[in-house]
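In what follows, a single structure is set out as C-alpha cells and then discussed.
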Amino acid sequence: MPTITLHTKTFVPYIDEGKIQARIAELGKEINAEYADKNPLFVGVLNGAFRFASDMMRQIDIDCEINFVKLTSYRGTETTGKISSHIGLNSDIEGRHLVLIEDIVDTGNTIEFLLENLYKEKPASIKVASLLYKPEAYHGDVKIDFTGFEIPNLFVVGYGLDFDGLGRNLNGIYQIELPQTVKYD
Ligand code: 5GP
C-alpha cells in the first residue's frame with residue numbers, strides 16, 4: 001500500500017485489505033453462531049459503514065435482514081456536530097435482535113444516540129459491531145460486542161471512512177501521518 005495524499009494531508013498505510021477481510025470473516029463466524037435461528041436485523045450506519053456492512057453480509061450464512069440508517073446532525077456554536085435524529089430505518093424492530101454495524105467508535109456519541117433511540121422501540125436485543133474502535137477516545141459504557149480492530153486515537157481514512165469527502169473508496173485503512181505512526185500487526 002503506498003502513502004497517499006487527500007486534500008493537503010498525507011496518510012500512511014495502516015491496515016491492509018487482506019487483514020480487514022480476514023477479520024471480517026472471523027466476526028462473521030461469531031455472528032453466524034450466535035444468531036442462528038434468530039433472524040437478526042443488521043442496521044448499517046451510513047455513510048461510513050457501507051463497505052463494512054457489505055463485506056460482513058458476504059460472511060453471514062444464516063437468515064437475516066439488513067437495513068440502513070443515516071444520522072442527521074446540526075452544528076451550532078460548538079465545533080462538533082450534535083446528532084439530532086436518525087432517518088431511514090423503516091423496519092418494525094419490536095422484538096427483533098439487532099446488530100448495529102458501525103465504521104468506528106470514537107467519542108461514542110453516535111452509538112450512544114442510536115442505542116438510546118432504538119431501545120425505545122423495544123427490540124429483543126441490540127449488539128454492536130464496529131470495524132474500528134478507539135478505546136482511548138471513548139469513556140462511556142457501551143460494550144462493543146464485535147470489534148474489528150482496536151486502534152489508537154489517531155485519524156484514519158479508507159474502507160468507507162473519509163477525510164472531507166475523500167478516501168471512502170480506498171480498499172485499505174490509512175492513518176494520518178505522524179512521526180510515530182506504525183503499521184497495525
Ligand atoms: P463518534 O465520535 O460519534 O464515536 O464517531 C462519529 C463518526 O465520526 C464516525 O461514525 C465516523 O464517521 C467519524 N469518525 C470518528 N473517528 C474517525 C476517524 O478517525 N476517521 C474518520 N474518517 N472518521 C472518523
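Computed values, structure above
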quantity: 222 nm mean residue ellipticity, helices alone, for the chain (DSSP H n ≥ 4; -39,500 (n - 2.57); rounded to 500); calculated: -7000 deg cm²/dmol
quantity: Computed accessible area, His7, all protein chains, 1.4 angstrom probe, square angstrom; calculated: 100
quantity: Carbon and sulfur %, accessible surface of the chain computed with the full protein complex present, 1.4 Å; calculated: 47
quantity: Positive-end extreme of charge dipole, the range 3-139 - chosen from Thr10, His86, Gly48 (charges on Cβ); calculated: Thr10
quantity: Sequence of Thr5, Thr110 when ordered by accessible area, the most exposed leading, probe 1.4 angstrom; calculated: Thr5, Thr110
quantity: Gyration tensor (Cα) of the chain, equivalent ellipsoid semi-axes in angstrom; calculated: 27, 21, 14
quantity: Size of electric dipole in the chain: Cβ of Lys, Arg +1 and of Asp, Glu -1, about Cα centre, debye, nearest 20; calculated: 320
quantity: Neighbourhood net charge (12 Å Cβ-Cβ; Lys/Arg +1, Asp/Glu -1) for Glu65; calculated: 0
quantity: Cα Rg over Rh - the range 82-127, Kirkwood; calculated: 0.95
quantity: Residue order for Lys134, Lys127, Lys29, Lys9 - accessible surface, 1.4 angstrom probe, largest first; calculated: Lys29, Lys9, Lys127, Lys134
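The values are calculated or read from the model by the stated rules, or taken from the named source; none is laboratory data. Computed from a predicted structure; not experimentally measured. With ideal geometry, Cβ positions are generated from the backbone for all residues, glycine too; neighbour counts draw on all protein chains shown. Heads up: the accessible areas ignore ligands, DNA and RNA and are worked out on the full protein's heavy atoms, side chains in. Shrake-Rupley method; radii C 1.70, N 1.55, O 1.52, S 1.80 Å.
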